[in-house]
1. Could you tell me how many of the residues in segment 7-41 are of a type in the set (V, I, T), exposed (fewer than 13 other Cβ atoms within 10 Å of the Cβ) and modelled with pLDDT under 90?
2. For V382, indicate whether it is at pLDDT 75 or above, surrounded by 13 or more Cβ atoms within 10 Å (Cβ to Cβ) and within 26 Å of V185 (Cα to Cα).
3. Checking G510 against (1) part of a helix (DSSP H, G or I); (2) within 21 Å of E369 (Cβ to Cβ): exactly one of these is not met. Which one?
4. Scanning for something surrounded by fewer than 16 Cβ atoms within 10 Å (Cβ to Cβ) and modelled with pLDDT under 90, does segment 515-524 turn up at least one residue?
5. Hey, among P54, P110, which residue is part of a loop (DSSP other than H, G, I, E, B), farther than 25 Å from Y202 by Cα and either in contact with a Phe, Trp or Tyr (Cβ under 6 Å, 6 or more places away or on another chain) or modelled with pLDDT of 95 or more (or both)?
6. Name every residue in segment 525-541 that is under 16 Å from V117 (Cα atoms) and either open to solvent by less than 10 Å² (accessible area, probe 1.4 Å) or basic (K, R) (or both), in order of residue number.
7. Do you know which of the residues in segment 359-379 that are open to solvent by less than 60 Å² (accessible area, probe 1.4 Å) and not in a loop (DSSP other than H, G, I, E, B) is nearest to C269 (Cα to Cα)?
Amino acid sequence: MTTSTTIAVAVVKPSDGTGSGSQRLRVVAAVVLPPIAAVLVLVAYHHAAGLAAPDQLQFALYWTGFLSGMLPLVVLACSSRTGDVTRTCALAGIGLFGMVPRLLRTPVGPMGSDEFVHLRQTIEAFLNGDVGHSSYLSQITKEFTGLHQVVNAFARLTGVPVWHAGMAVIVLAHVLSILAVYQLVRAVGASAHGAATGAVVYTLNPSWVYFDVVVAYESLALPMLLWFLAATVAASRAPGRPHLRYFVSIALCAMALPFIHHLTTIILCLILVSLIVASVVHRARRRMTRECAAPREYLWPLLLASSIVVVSVVYWWSGKYGWLISYLSPALTRGWEQLSQLLGLHDRAPTGSSSAREIFGGTQNPVYEIVSGLLFPVVVLVLFLASLSVLWCNRRGLGSAPWAFAWLGAMYFASMPMVLTKGGAEGAHRSWAFSFIGIAVVCGLARSFGWPGRLSGAHDGWPSVTRAYDRCVALFHLPGVRAGVVAVVFSIMAFGNAALGANVSDRFPGSPHVGDDARSISREGEAVAAWMATHTPVDTPVLADRFVSLQVGSVGRMASLRPSATFPIWDLYMSPAPVSQAVLKQVLDAKIRYFVVDARMATTRPRMGYWFTRDEPGVDGPDVFPRTAIDRFNCLPWLQARYAAGPLTVYEVDVDTLLGTMAGNCDGRRR
């Protein structure tokens with residue numbers, strides 16, 4: 001007996017019911033409310049754009065719009081009476097509406113550093129066919145160019161601008177991600193409404209809503225990982241001979257994925273290992289116990305899929321293994337050091353990034369988002385454990401795959417201690433897009449066995465507990481109460497993933513904040529980038545602060561240099577003392593053509609705590625840069641002001657004068 005048959009026996013198959021009045025009402029609500037809700041989200045953004053600090057109204061408008069747009073689609077998708085076509089459309093609608101906040105936030109250009117980096121690579125591929133352009137913004141982008149080529153191809157085929165082509169690709173990938181989770185949960189053995197429930201649970205992880213909507217690696221790689229898993233699991237659990245379409249999907253995803261994103265590929269390999277181990281254990285147990293109820297599973301599709309991935313990795317990453325290890329190892333080492341110091345595993349005093357941090361310290365979120373953020377892991381844990389208990393009670397007919405995904409889901413809770421460190425939260429957040437795959441599978445499969453039933457006289461030794469449980473179940477089965485509980489749980493998780501997933505400045509527009517990634521992208525920086533793109537050859541070396549460098553190095557197509565301890569060009573901005581001869585020599589050796597100076601460096605500290613890099617002197621300190629150092633740009637004999645936009649001024653280096661004087665101060669003399 002197959003898993004799907006077992007579940008069909010456990011759950012009474014409902015009628016389609018598409019002709020009932022309640023079902024028609026669900027369809028109408030799912031069609032009418034999301035467009036109105038999108039307008040409310042836009043109004044929330046319009047209101048927030050004129051504020052120096054967020055207020056309660058912008059959050060109220062946003063959440064009224066978001067929930068009124070999402071909930072009708074969720075109800076329609078998860079209803080047992082919804083037909084297959086309608087359910088698929090509802091899930092696609094959830095994927096589309098999940099992109100609405102991102103599309104309305106910055107519809108005409110990139111916002112974060114990742115988007116600027118990838119836009120530059122796509123521009124070079126589009127204009128010059130230069131795939132894997134050497135970028136000073138991020139060296140790793142030259143090694144993984146799959147996203148850039150997809151966006152470039154889409155832009156050429158459709159004739160739309162590169163940025164809009166990139167957003168279109170991400171919108172399509174976002175929709176495909178939720179459909180892939182649905183197919184994955186179905187492949188594990190869930191019913192249609194159970195698989196839809198699992199897909200909805202997956203959308204409630206903070207990465208899906210806030211991180212995987214940007215034009216970046218993971219936004220494209222993650223749907224491919226999900227479709228790979230769906231095809232692999234379906235092939236391994238097929239009742240007969242696996243269909244050829246599964247292996248075509250596996251081959252396409254496996255051959256493309258290592259070329260798009262390194263981290264997603266590594267996580268896929270780990271998931272495959274867990275699936276293979278679970279399958280081997282299941283086969284051994286099935287032979288030892290001779291259980292007929294356990295579904296028959298094929299091991300060879302898992303081994304074949306893993307082999308294809310290995311071949312693809314060897315092909316694409318040949319000669320890059322050492323480089324990848326050196327790129328990834330500092331993050332792993334730093335994360336372990338932060339966690340071990342936080343937990344007191346060694347005596348060394350915690351560093352600033354590894355010490356404990358105050359959760360939601362200095363946050364601008366409303367109180368209900370903060371409370372929901374604190375409750376979010378608790379709610380997820382309750383859902384996960386309750387679902388596991390349902391699966392355990394029905395374990396005879398499940399097979400191996402659900403337990404492999406249960407292990408994957410448990411990794412979410414293992415990541416929680418990292419959130420308590422000042423420097424480890426990013427790593428924890430990056431893992432949630434993958435660990436929630438396991439949580440979605442477990443919850444969706446458990447939902448397939450139906451809502452909780454009464455104990456009906458069981459456990460006679462605890463009659464009061466039995467009666468109380470039966471009353472709660474009877475109350476829960478009332479349609480209005482059940483819908484209310486689901487809406488409350490969904491809202492808490494939605495509020496919580498917003499509080500955990502992104503800063504308020506990332507989520508809402510508002511007045512510009514110096515040194516805030518989301519609000520440092522200014523019209524003045526755009527003007528400087530446009531001027532350089534017009535008047536300067538491509539990849540001309542330019543030195544600017546981190547925030548202007550994004551625009552100058554991406555849209556402006558310049559080579560934005562990054563200072564460091566061994567390349568301390570930041571001395572020109574930070575030290576009032578005459579510029580040393582060593583620094584002046586580095587200006588010549590690096591062939592710096594322009595310096596961009598922000599006058600606010602002498603009056604304001606950046607919100608992120610640094611102007612150039614996290615390693616600069618005075619990082620996170622209260623001191624502004626000396627006024628004499630900033631004013632010195634106006635009088636050094638080898639610098640000439642060429643362009644100004646607001647607080648930004650572009651200074652050109654006169655190489656001949658610099659060679660002749662090597663002046664480190666304004667009187668034109670050597671130091």
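The values are calculated or read from the model by the stated rules, or taken from the named source; none is laboratory data. From a predicted model like this one, the values you see are computed outputs, not experimental measurements. Note that each Cβ is placed from the backbone with ideal geometry, even for glycine, and that neighbours are counted across all protein chains shown. All accessible areas refer to the heavy atoms of the entire protein, side chains included, with ligands and DNA or RNA removed. Shrake-Rupley method; radii C 1.70, N 1.55, O 1.52, S 1.80 Å.
1. 2
2. no
3. Here G510 clears every test but (1).
4. yes
5. Result: P110 is the single residue among P54, P110 that is part of a loop (DSSP other than H, G, I, E, B), farther than 25 Å from Y202 by Cα and either in contact with a Phe, Trp or Tyr (Cβ under 6 Å, 6 or more places away or on another chain) or modelled with pLDDT of 95 or more (or both).
6. G525, A529
7. Checking each candidate, the answer is P377.
To keep it simple, each residue is scored yes or no on (1) within 15 Å of the chain's Cα centre (by Cα); (2) more than 26 Å from H118 (Cα to Cα).
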{"site": "Y210", "(1), (2)": "yes, no"}
{"site": "A221", "(1), (2)": "yes, no"}
{"site": "V233", "(1), (2)": "no, yes"}
{"site": "G240", "(1), (2)": "no, yes"}
{"site": "F259", "(1), (2)": "no, no"}
{"site": "L270", "(1), (2)": "no, yes"}
